[in-house]
1. What are the extents of the Cα atoms of region B:50-158 along their three principal axes, listed from largest to smallest and rounded to whole Å?
2. For A:LYS130, give me every one of the aspartates and glutamates with a C-alpha distance below 20 angstrom, ignoring sequence neighbours fewer than eight places off in its own chain.
3. Relative contact order for chain A using alpha-carbon pairs under 8 Å, separation at least 6, rounded to a whole percent?
4. Within the set of other residues whose C-beta is less than 10 Å from the C-beta of B:ASP275, count the net charge using Lys and Arg as +1 and Asp and Glu as -1.
5. Where the only charges are on Cβ atoms (+1 Lys, Arg; -1 Asp, Glu), what is the dipole of region B:50-158 about its Cα centre, to the nearest 20 debye?
6. What are the ³J(HN,Hα) values, in whole Hz, obtained from phi via the Karplus relation 6.51 cos²θ - 1.76 cosθ + 1.60 with θ = phi - 60°, for each residue of region B:45-58 in sequence order, with x given for Gly and Pro?
7. So, in nm, how far is label B:SER151 from label A:PHE465 when the simple model puts each one 7 Å beyond its Cα toward the Cβ?
8. Against the longest principal axis of chain B, how steep is helix B:16-32, in degrees 0 to 90 to the nearest 10, with axes from Cα atoms?
Amino acid sequence: MCSQVFLQIDTLEEVVINGERADHTTYDRGQTDVATTEQTAERDPQLNLVCRGAYAQEVIYRGLSGAQVATLVDGMRIYGACTDKMDPVTSYVDRSNLSVLQSDQTASIGFHALNFKLEKGEFGVERRWKSGVFSSYQINNAQRRIGANAVYESKDFWWLASASHTEANNYVAGSGQKIRYTQFTKQNLYSASGWRRGKHEFTATGIVDRAYDIGYAGLPMDVSSATAVITKLEHKTSLGKWKNLNSVYFNDVAHVMDDTKRDSVFMHMDMPGCSTTLGYHGQLQRVWNQWILDVDFELVRNRRFAEMTMYPVNEVEMYMQTWSVSVREMTTLNPTLKYFPNDRWKFEIVPAIAYYNDQVKEEFGQKQFEVLGYDLTKGTTSLSKSLALTSEYNLNKWGSAFTFAAGDRAPELSERFGFYLYNNQDGFDYMGNPLLSNEQFARINWSNGLKFEKHRVTWSKYVYFFDNYIFGVHNQVLWQMTPGGNGVKEYQNVGSAFIAGSELEVSLFEQGLVPTQITVAYRYGEGENVGYLPQMMPLEVKLFNKAKWKGFDFGLTNVYSLRYTRASQAFGEQNVPAYWMMNAAVSRKLTLKKSSLDIEIAGSNLLDNYYTTHLNWNGIPQMGRNVSLSLKWNFGAIE
Amino acid sequence: MAPCALTHQKIIMKHIAILGFAVGLLSLTACKKEDPQVVTFEDVLLTHMDEIESQSIGDYTLSIYSSNELIVGYNELNFLLKDADGEFVTDYTMHAHPMMEMGMMMHTTPHGHTEMIEGEYGLYMTDYVFIMPSTAGTWSLEVTVEVDDESVVYDFVLDVIEPEEARMISFMSKTGSEEKYFAALVGAENFGVGENDFEIAIYQRESMMSFPAVTDLTVEIEPWMPTMEHGSPNNVNPVHTMNGHYAGVANFTMTGFWQLKLTIKNADGEIVEEDLAFDITL
């Protein structure tokens, strides 16, 4: 980011995930080593987690989700292969793969971008090896995790790799009740390497991630396997005074649902899905005295397919394509211009444009939509555009940033071409609508900050206005497909909507004996023909304390959430009582001769409260009291 | 999973003129390539249909073609006449009369008019709704051909089978009258996932020798998946076109076992039948 003298008020926020790094992590906001990527992300008060089970939580931003937020892995577009959103893309990476989560308000696609950056090596002066072995055990769900990583760094070459295996049984909620279908197993392999030759730098990255036997307590089905292969080749160089980056990437996601573990099913079904993305990302950057220009360009092709075969007893099987072979081709252009006229002011202008060509390629899928009166033999093109203007002013102890942004987003492939996608939260089958218009938005964000030597306060207020808001509307004419379901909803542009909210972050006694952080967040949303918008958190206060004593690091987290009384019935949400949750951790680093050992004992939900959040599907309760032990043994050069 | 019926034989039947065009085109390409093999009209016909019967009397050979095995239900029979040289005869008229012989009794069956549908080759077509299978007796088809001022009578025996799923259902009117109706699906073999042209032909029994078309009914359809207890959207109730044929639209959203449920009302709006259902496995 830009100059450090400024207050950290920016359109781009970062959460350090820190992977499974060999060097020791201090307890920033109560982060523990057994936390998942998603749980780490949740430290940001702008981010929340949607839980459908113990695995694959969906990170949402200020109540926005789905196509409203672009979730990227190291700048790569990647799309889940589950029609029921059981596999947010964050589930295809492991914490050990990641370094930083960038949260970018001025994204070209959707209204926000979350970029999970991958851990990389560095070109060093001397040759050095670092390696580590890590393992952890959680008592509540007998979660065991084991893994190893290694890094080699030299002047013109680096290589890193990590491997991990995590396995968990069903967890026990605060009531002592075992929550069935919350088990999972995940294996992850990650490798990356970089070469440098003159002014050319090459990076290759690859992830193979496979999870299987995953329970989804909030859904009527589980997942037998969810697999992803994620690869990227990147080239960085300079063209005169321009910095240039080019990358090509490919990722392939396969997701297979499974109803065979359930006690009784109306009818056995097979529901596999896949999603393949091929992309190019180019970037040009130039820095002048007071100006920085960044131009991003993307070419992306995503192909998805999901089908459903049902096996009634003594009858022929039934078959349909829930995502017929659907292809989205996308071109985006997203320049960012920053201007620093003096020490006090900073201006940023971000225009963005994206062009889409969406098509159902298979005749079977076209025929399915024929029934609904749509002709899908030709593709649908759409154009989305946005413009974000930011000004930031810093003077001595205080700073202020104001952003105005407006634009639209094109409907997502599911919103266009989904065919009877069952949503277990509201019990409706969702139908795509090929004639959807773009969803328009305007956003105002105003942040103020005050910084003292040891204390810091940041207060953000924001409001989003939407028009042509895309939402599922009950279609009385269509027959539901799912037995026992409530009916069919069709995506429609329902009219206007708005979200208003605020986040307060207070940081006290930095570098003191007991550094303390407090975050307070609240959102409210309402829409024409919708009522309360879903996923709008009630007032939530988080308190993080840390302390150091005789080589021990202590962390304490308290979360207080008021009751949720504005459940979106149209979305199938439930009101949820208030809750209080407490986590604590203590750790110690032991330095041995040629190695070091990190030991951590962490406890979560120490009060063993039975609670659920407004984002848990069908009110599934969160994990009860849990204690974990984790060990990391680091070898080699340590800083 | 067979991605729905792509070979719309029905369309070929209905637009048989295209065949003629195709023949021309194929022979044209054949000429250009100087391929000695000449594609005849019969060759093209045989890619879509089978010869089910053929008889030679005197100089003339009459052949019957059908795209399907003959079933209890709606069938389209095509006739071609060839002379001693194997050339198609085009200037002839024909009249066919189907009959079911069951020992003590005999009866005919509902059928349409015989029409010349491809004059260049002398191709006639007639539609028949066979109301019972050959296992019940003997289906005969007496064809009288008038050619060169002479009259030739062919006598065919047809093999009519009961299809796996009924394509013709008979019922007594529920209005209290003693009318017996016969309803047959037309082109059901082409049904697939998506939007389908739906056609049904309805006849009444006047006597054993007369089954006229009924042209003044109101027909409502509802495709239904009994296992899943759901229907499909945007169906169009069939309306009368001609000769007792009613055309509409039936939609299927997925493969599997469907039922096409029908409600039939007479001109006075009285319900003639409401529990009629054709099984359709896609």
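1. Taking max minus min along each principal axis of the Cα atoms, region B:50-158 gives 40, 25, 21 Å.
2. Within the straight-line limit of under 20 Å, A:LYS130 reaches these aspartates and glutamates: A:GLU20, A:ASP23, A:ASP33, A:ASP94, A:GLU119, A:GLU122, A:GLU153, A:ASP156, A:ASP598, A:GLU639.
3. Details: 1907 pairs, mean separation 77.5, N = 639.
Once divided by the residue count of chain A, the mean separation gives 12 percent.
4. Working: positive: B:LYS174, B:LYS261; negative: B:GLU273, B:GLU274.
That works out to 0.
5. Values: 1 positive and 21 negative charges, 130 e Å.
Roughly 620 debye, rounded to the nearest 20.
6. 4, 6, 6, 10, 9, 10, 7, 9, 8, 7, 9, 10, 10, x
7. A separation of 8.9 nm, rounded to one decimal place.
8. 40
Throughout, read-outs are computed from the coordinates displayed, never taken from laboratory work. These numbers come from a predicted model, not from an experiment. All Cβ positions, glycine included, derive from the backbone under ideal geometry; neighbour counts span all protein chains shown.
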